[in-house]
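Take a look at the structure set out below.
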Amino acid sequence: MIRMGMRLTLRGGREAVIRLVVTSLAVAVGVTVILGVYSLFNAYQGTTNRQCWECSPTVTAVGDVNAPAPGQRPVRDQPVGVKAGGSIDLAAARQAGVKELWNFSQDFYQGTELRRLDVAALTADAPTLPGMTTVPAPGEYYVSPALARLLATVPANELGDRFPGHQAGQIPRAALYSPDELAIVIGHTADDLATRPATEPITAMSTAKEVKGTTTIYRFAFAFGTVALLLPIIIMVGTATRLSAARREERYAAMRLVGATPRQIVTVASVESFVGAALGSVLGILGYLAVSAQVAKVNVTGTVFFPAEVTPGVLGYLGVLILVPALAAFAAVRSLRRVQYDPLAVTRKATPKPPTVKRLIPLLLGVALFVVAVNIPASDSADAVTYPALVLTMWGVVFAGPWVTMWVSRLLARIGGGAATTLAARRLADDPRATFRTVAGVTVAVFVGTAVAGVLPTAMVASTSGERAPLTGVLRLRYDVGGMDSQGGLSPAQTTTALNALRAMPGVSTVPIYIGTDTSGWSPDSNTPPPLGWTPPLEYVSCADAKAVPALGACAPGQKISAIAADELFVDNPLLLHLPVMGYGAMDRVTGVGQTAPAAPDMDLSALNVTTLLVASSDRATLERARTYLDVNAPVLLGMGSPDQWSTNAAGPMTFGEVASVRDEQYRAAQQMIMFVVGLTLFVAGCGIAVATAGSLVERKRPFTLLRLSGAPLAVLRRVVFLESALPLVSVSVLSGLAAYAMALIAVRTLAKGVSMSFPLATYSVSVSVVVVAALGVILGSMTLLNRMTRSEYARFE
Amino acid sequence: MSEYILEARDVHRAFGQTQALRGASVAVQRGEILAVMGPSGSGKSTLLHCLAGIYAPNEGEVWFDGARVDTLGETKRTELRRDAFGFVFQFGQLVPELTALDNVALPLLLAKKPRRQAYAQAAPWLERLGLEEHGDHRSGELSGGQAQRVALARALVHKPRVLFADEPTGALDTLTGEAVMNLLVNAAREEGTTVVLVTHDARVAAYADREIVVRDGRALTTPSSAVA
């Protein structure tokens, strides 16, 4: 029977070939898409499996903690060789086996993060970055390929001048996580780095894998995306294999009449499905190979992957070649189990009962579960409820689709009066499941897209909206954080030099913030920790300077100097940035209530050290020149440890917008990923609609032709076909969009109290309209088939 | 051995609320050609289907060559259709994707005969029925008469004991119908095949050795035959 099946599939005439081609193409589209997604997942896995050399451990010694004197703070653990002031004791470090000194910092160029590692080898066998054979010598630096391209094109005073020395080579791929990464490793002498704050002693390179905060969300997004994609793919392939079902029934009935057993029928059907799927898998692989170069350029996680890593691998190729045909054959067997082909060509399949209102239950349960989930404090247990709630709701929309379709069709039958409306409504009401199935993929895409449109822009806009918006492009640097790490800030002379240079750049405004001299009985120079309960001196700003950044606040008429809670400007969560900050000594981070400072004394600010500097410019290139100048001439020396310890509470120089973007990275990444999946889903769903509509026409060729022969205008038939697809598409898409919007609203109102949902109505409306119109366009495109198939000269029924 | 190769005894069959057969009884002798006549909706096709093991009656018995057919499971009835029975229906019911030769060889292939042997056995039938030039044509490329002759060849290729023909000329013009009936009857007589022929056309019924009339689900005999 296998041979019989092959015979029927491959040499069964033109119609059989067409069916084979359509099925194969449907499978090929699905395989290409799945291979593309799998390739990107593999590349992402490559990123997460990357050696996190940045996580190299600092050498610490046991027992470094000294018992504090009464009233004094305990001396905290210090890496070996690090003196109390933060510099490295090289002799002690070498004795302890330290081989290298590292100093990590984070820089930005036009909003893009730039990772900088200043390094000094202490021994000949100092560990090197993965793929590098040597540590950069003093005066040398190695750059990532992307940074090398920038250095070659961007004026030096905007970027290159920040880096001492000359380029000696490029950082190899093994040490990078993306071809777009901006990274630099700069060689120094040991003496130079030893005195720089936050320099770490290293003995060996970490071999641990990199785990970023976004790892979990990406893994979920890939899994969610694959599931969301599989639905329209399965629908499309299933529709393609159901093409010419009537013809197939005729064939199987004839075979049953002459004695074919059900098992023999199933074998033939399985072979047909297997061959179509096998051919489709091969075509799909070829299709993927044809677009693989473009797939490698897809940016779903915020950065592109290395092209060589974007591949499904042998496992992926073998998987589709084996699993897809096997699944297709299995699906054929399963579907035929319920169908007993009668020798008289009357399939004994129970007429499906109309869908009941119970079909709404999963949707309602999903929404209810989601409400519960967003009210659980953020934790793993919240995630365990949130994700299933989302999946249940999405599936609930698809499950409820036939019921909605049925009711819309009944309504249409009641209010519509024409022949086309009657025909379409009757068919929809008879088998709403089948008609809804063709458009299910689009409704899934509408759901996902609406949910994303509701939640993510709100999250991102909230951080730089309202009163915070004017700060987006303002650079902020923190030269002194007070307390034990106090460096004293920029001296008056340094300040004068820096301000003169910055203010000479056209369009640059500066707001220096000075630290007062009231140290309350303790000095950072004392080399002892401050007493418990000690508070640092107040910080002050000139009212005239502060006008350059109005968001800081305003002075009273006649006032010249104001206290300012400058520390507030360095929160890592822009949503917690409470403005104004002028007039306060400190702000409560949680309540936003400020401690009103006493009136500022009359004093000469130019005699004070500067702890904080704000720099504003409306021109990006000018801002980068300012940033470069500050990096070279007035660098922040506080340091931030290794990237896995970085936070946006970094001292700078970063703009407030860059701070928000670091925090928003997860949201942006998730949005990008999800919209990528939505786009793919729509593409597959569109293909599915095309296949389903064409197949439906082929199956109903005879009744449509008879209708036309008996006088029904072609326009009536076109309206019938159009209404049968358009009605479920529009009605369930509306339901889907409303459900997703409601969930987004619930999420925003519960999780971000006081924040209004920032729904991009214009963009969303246009996008959804384009999607729906495109889907309707596919349906309309099939009308040419209708005309051709139902012409009277073709009305010969074999 | 019973003289009757095929018997229906007080057979009842309903489709939903429609009672198609109400105690129909008929006996068919070996080698005879029996015409089953009756008006449309009388149950004659249903009687044929029960005799052929396509449907199981709700009540009554169906016997074939001394064995009960109505109590057989679907698998056994399928085997019966494949090995012992042949079918010619009004519209041929050929497999559209197969050629004429493939369709004729199909019952042999289903019976797991070696491919070469199956086609060797099928090919002469095309020649016998005047279809030797149409062996590689599909059913869509054949005229109605040609398709019926292919169906006839398929029905007889495996030398069935009984041939069931339901309105075999219903879709054909008079001349073509006569040609098909001549071929059917001659081939059946040559092979010694019993024929049960359902028709509403008296000219077709004239080919039979005996006629019965089905009316309101009951089989009525003609004076020239004796029925149990």
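The values are calculated or read from the model by the stated rules, or taken from the named source; none is laboratory data. Predicted model, so just to flag it, every value in this text is computed and none were measured. Note: ideal-geometry Cβ built from the backbone for every residue, glycine included; neighbour counts use all protein chains shown.
What about A:ALA260, is it of a type in the set (A, V, I, L, M), surrounded by fewer than 22 Cβ atoms within 10 Å (Cβ to Cβ) and in contact with a helix residue (DSSP H, G or I) (Cβ under 9 Å, 6 or more places away or on another chain)?
Details: of a type in the set (A, V, I, L, M): yes; surrounded by fewer than 22 Cβ atoms within 10 Å (Cβ to Cβ): no; in contact with a helix residue (DSSP H, G or I) (Cβ under 9 Å, 6 or more places away or on another chain): yes.
The answer is no for A:ALA260.
Here A:THR347, A:THR351, A:THR356 are screened, and the one residue that is of a type in the set (S, T, N, Q), surrounded by fewer than 18 Cβ atoms within 10 Å (Cβ to Cβ), at pLDDT 85 or above and over 24 Å from the mean Cα position of the chain (by Cα) is A:THR356. Does A:ALA246 satisfy being within 14 Å of chain B (Cβ to nearest Cβ), farther than 30 Å from A:ALA445 by Cα, over 41 Å from the mean Cα position of the chain (by Cα) and at pLDDT 80 or above? No: the conditions fail for A:ALA246.
Is it fair to say B:ALA118 is buried (at least 21 other Cβ atoms within 10 Å of the Cβ), of a type outside the set (Phe, Trp, Tyr) and touching a helix residue (DSSP H, G or I) at 6+ places or on another chain (Cβ under 8 Å)? Yes: the conditions hold for B:ALA118. There is at least one residue in segment A:480-492 that is surrounded by fewer than 21 Cβ atoms within 10 Å (Cβ to Cβ), assigned to a helix (DSSP H, G or I), at pLDDT 75 or above and not charged (D, E, K, R).
Cβ-Cβ distances below 7 Å connect the following pairs, each with a first residue in segment A:125-145 that is of a type in the set (Asp, Glu), a second residue that is surrounded by fewer than 23 Cβ atoms within 10 Å (Cβ to Cβ) and modelled with pLDDT under 90, and a separation of six or more residues or different chains: A:ASP125/A:LYS99. Among the conditions (1) away from chain A (no Cβ under 13 Å); (2) without any contact (Cβ under 8 Å) to a residue 40 or more places away in the chain, B:TRP63 misses just one, which is (2). Taking every residue in segment A:624-638 that is over 16 Å from A:LEU114 (Cβ atoms) and pairing it with any residue that is at pLDDT below 70 and in a helix (DSSP H, G or I), at least 6 positions away or on another chain, the pairs with Cβ-Cβ distances below 8 Å are A:LEU638/A:ASP485.
Among the residues making up segment A:544-558, those that are part of a loop (DSSP other than H, G, I, E, B) and in contact (Cβ under 8 Å) with a residue 24 or more places away in the chain are A:ALA548, A:VAL549, A:GLY553, A:ALA554, A:CYS555. Among the residues making up segment A:159-175, a single one is free of Cβ contacts under 8 Å to residues at least 40 places away in the same chain and among the aliphatic types (A, V, I, L, M): A:ALA168. Residue check: B:GLU97 meets all listed conditions (1) more than 9 Å from chain A (Cβ to nearest Cβ); (2) modelled with pLDDT under 90; (3) more than 28 Å from B:TYR207 (Cβ to Cβ) but one, namely (1).
For the residues B:PHE87, B:PHE91, the requirement of being within 13 Å of another protein chain (Cβ to nearest Cβ) and in contact with a Pro (Cβ under 9 Å, 6 or more places away or on another chain) singles out B:PHE87.
The residues on offer are B:VAL162, B:VAL195, B:VAL213, and the sole one that is within 13 Å of the chain's Cα centre (by Cα) and more than 14 Å from chain A (Cβ to nearest Cβ) is B:VAL195.
Take the conditions surrounded by fewer than 17 Cβ atoms within 10 Å (Cβ to Cβ), modelled with pLDDT of 85 or more and touching a helix residue (DSSP H, G or I) at 6+ places or on another chain (Cβ under 9 Å) and apply them to A:ALA137. Does it pass? Criteria not met by A:ALA137. If the condition is being over 19 Å from the mean Cα position of the chain (by Cα) and either facing chain A (nearest Cβ under 9 Å) or part of a strand (DSSP E or B) (or both), then segment B:69-80 contributes only B:THR75. Scanning segment A:269-296 for residues that are out of contact with any Leu (no Cβ under 6 Å at 6 or more places or on another chain), buried (at least 23 other Cβ atoms within 10 Å of the Cβ) and within 14 Å of chain B (Cβ to nearest Cβ) gives a single hit, A:GLU272. You will find that of A:THR443, A:THR435, the residue that is of a type outside the set (Asp, Glu), buried (at least 24 other Cβ atoms within 10 Å of the Cβ) and modelled with pLDDT of 80 or more is A:THR443 and no other. All told, B:LEU129 falls short of being within 14 Å of chain A (Cβ to nearest Cβ) and either within 19 Å of the chain's Cα centre (by Cα) or surrounded by 14 or more Cβ atoms within 10 Å (Cβ to Cβ) (or both). Six or more apart or on different chains, Cβ atoms under 6 Å: show the pairs whose first residue is in segment A:11-31 and within 14 Å of chain B (Cβ to nearest Cβ) and whose second is among the aliphatic types (A, V, I, L, M). Note: pairs meeting the criteria are A:ARG19/A:LEU243. Taking segment B:56-77 as the range and being within 25 Å of B:PRO168 (Cβ to Cβ) and touching a Leu at 6+ places or on another chain (Cβ under 9 Å) as the test, the residues that pass are B:ALA56, B:PRO57, B:VAL62, B:TRP63, B:PHE64, B:ASP65, B:VAL69.
One line per residue, one yes/no per condition, for (1) surrounded by 18 or more Cβ atoms within 10 Å (Cβ to Cβ); (2) under 25 Å from A:TRP407 (Cα atoms); (3) modelled with pLDDT of 75 or more:
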{"position": "A:LEU714", "(1), (2), (3)": "no, no, yes"}
{"position": "A:ARG718", "(1), (2), (3)": "no, yes, yes"}
{"position": "A:VAL721", "(1), (2), (3)": "yes, yes, yes"}
{"position": "A:GLY737", "(1), (2), (3)": "yes, yes, yes"}
{"position": "A:VAL748", "(1), (2), (3)": "yes, no, no"}
{"position": "A:LEU761", "(1), (2), (3)": "no, no, no"}
{"position": "A:VAL773", "(1), (2), (3)": "no, yes, yes"}
{"position": "A:GLY777", "(1), (2), (3)": "no, yes, yes"}
{"position": "A:TYR794", "(1), (2), (3)": "no, no, no"}
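Residues in segment A:170-187 that are closer than 15 Å to A:LEU129 by Cβ and in a loop (DSSP other than H, G, I, E, B) were compared, and the one that is modelled with the highest pLDDT is A:ILE171. Summed over segment B:148-181, the residues that are surrounded by fewer than 20 Cβ atoms within 10 Å (Cβ to Cβ) and in a strand (DSSP E or B) give a count of 0.
Conditions tested, residue by residue: (1) at pLDDT 70 or above; (2) assigned to a helix (DSSP H, G or I); (3) within 21 Å of A:VAL772 (Cα to Cα).
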site	(1), (2), (3)
A:ALA626	yes, yes, no
A:LEU638	no, no, no
A:GLY652	no, no, no
A:VAL678	yes, yes, yes
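I'd like to know if segment B:176-193 contains one or more residues that are in contact with an Asp or Glu (Cβ under 9 Å, 6 or more places away or on another chain) and within 17 Å of B:GLY41 (Cα to Cα). No: zero hits.
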